[in-house]
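Participant: Pasting a structure below so you can have a look.
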Amino acid sequence: CLREILTACKVVTKVKLDNNRINSLSDIRSVEKNASGITHISLLNNPVKNLMDDAQYISDVRKMFPKLIELDGVALPEKIKFETEEENALPPAQKFAILLDAGPKSAIENFFLQYVKFHDTGGAARGQLGPAYDETALFSAAVSWRANKDTKDKFPAVMPAELIRRNRNFKHCYKAEQRESRLFIGRENVVKELCELGETKHMLKTLNIDTSGMINNHVTAVLSGIIDAPGSYRTFSRSFILAANPANGSYLILNDQLSVIRSSPDTVEKAETQSFENIPSSSGINQAALVKQVREVTKMTDKFCIQCLEAAGWDVQKISGNLQ
């Protein structure tokens, strides 16, 4: 009977099925197939609610009815979506705020080069990273600071103060309340902590980026290298869970876990002399002068000049033929 009613009412958006003998969600497949536009559904006082935990119940019902906004009389939180519901729909404006410039670098490398650039602005200016984090993003830090006999200059024996109070290393922070207080949840709290981390200067030659394959528009990425901070060198590894939007080539940070150890003089010396695979092609080159040179000949915009130079590895000779 319900199937016939729903078939005749394709525009039904609210369905109330309280006090029935619904033992499984498969019992309401007819509702799913014939009224996919449902936004409100109630299944109160049915056995199915007692056979599943709340999280699984809500998740399974939302999968059946993608447009659902209220279940059992309770408004559902807005889903975080990384794909548009309609195949040809445009991605929501401003959903991802750090966009990637077109160029030869991989999207993920470009993203992180921009990230460290904003991060190294320091202080309140680091708040520019805010739009790159999801509203419910998580941030935490764990620090290990072992000193040997190599304590000198920028290799201190004592952990920097700004890292001590954020350290979730279990050896130093084992009380549940303390660990909970050092897990920062939400964009506003995350950005506040980032702005108070102190000055940093990422040594670009040391940056290394490892990523997983994309699964359901999510990517796990690890950014590592050495930071030249006032008073100390720090070797870091930063694990990110990113949501990717292929439609506009951008990323949103869902989880950010920072691990820091004390750098040793040998590590820094090796980093300063060794070539790394991910070293930006522009390292050690007067970019501004090359951009100006290309701009004067071609009359192109700076952005286009930069793209051409990046594609040529910042070697003007390689594109000289096009400049004549």
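The values are calculated or read from the model by the stated rules, or taken from the named source; none is laboratory data. Everything numeric in this text was worked out from a predicted model, so none of it was measured. FYI the Cβ positions are ideal-geometry reconstructions off the backbone, even for glycines, and counts take in every protein chain you see. The accessibility values were calculated without ligands, DNA or RNA, using every heavy atom of the protein model including side chains. Shrake-Rupley method; radii C 1.70, N 1.55, O 1.52, S 1.80 Å.
Participant: Per-residue HN-Hα couplings for segment 33-50, Karplus 6.51 cos²θ - 1.76 cosθ + 1.60 at θ = phi - 60°, whole Hz, x for Gly and Pro?
Facilitator: Taking θ as phi minus 60°, the curve returns 6, 9, 9, 5, x, 5, 10, 10, 9, 10, 10, 4, 6, 10, x, 4, 5, 8 Hz for segment 33-50.
Participant: Same structure again: Could you sort 174-185, 60-71, 191-202, 15-26 so that the peptide with the highest average Cβ count within 10 Å comes first and the rest follow in order?
Facilitator: Working: 174-185: 12.1, 60-71: 15.5, 191-202: 17.2, 15-26: 13.8.
Sorting 174-185, 60-71, 191-202, 15-26 by mean packing, highest first, produces 191-202, 60-71, 15-26, 174-185.
Participant: Additional query: Mind listing the long-range amide H neighbours of residue 202? Cut-off is under 5 Å, sequence gap 5 or more, other chains count too, H placed in the peptide plane at 1.01 Å from N.
Facilitator: 228
Participant: Calculate log10 I(q)/I(0) of segment 151-193 for q = 0.15, 0.19, 0.21 Å⁻¹, where I(q) comes from the Debye formula with a single equal point scatterer on each Cα and nothing for solvent.
Facilitator: -0.49, -0.69, -0.77
Participant: Please list, in order along segment 228-243, the HN-Hα scalar couplings obtained from phi with the Karplus expression 6.51 cos²θ - 1.76 cosθ + 1.60 (θ = phi - 60°), rounded to whole Hz, x for Gly and Pro.
Facilitator: 9, 9, x, x, 6, 8, 9, 8, 10, 9, 10, 9, 10, 10, 10, 9
Participant: Right, something else. In terms of modelled amide H atoms, which long-range or inter-chain residues lie less than 5 Å from the amide H of residue 44?
Facilitator: When sequence neighbours closer than 5 places are left aside, the close amide H contacts are 17, 18, 19.
Participant: Between residue 154 and residue 74, what is the label-to-label distance in nm when each label sits 7 Å out along the Cα-to-Cβ direction?
Facilitator: Result for the modelled spin labels: 5.3 nm.
Participant: With a 1.4 Å probe and every protein chain kept in, tell me what percent of the accessible surface of segment 153-202 is carbon plus sulfur.
Facilitator: Summing carbon and sulfur atoms, their accessible area is 54 percent of the total for segment 153-202.
Participant: Here's a follow-up. Once fully extended, how much extra length lies between residue 175 and residue 293, figured as 0.36 nm per residue of separation less the alpha-carbon to alpha-carbon distance?
Facilitator: Length gained, residue 175 through residue 293: 36.5 nm.
Participant: Collect residues whose amide H, placed 1.01 Å from N in the peptide plane, falls under 5 Å from the amide H of residue 142; neighbours closer than 5 in sequence don't count.
Facilitator: 168, 258, 259, 260
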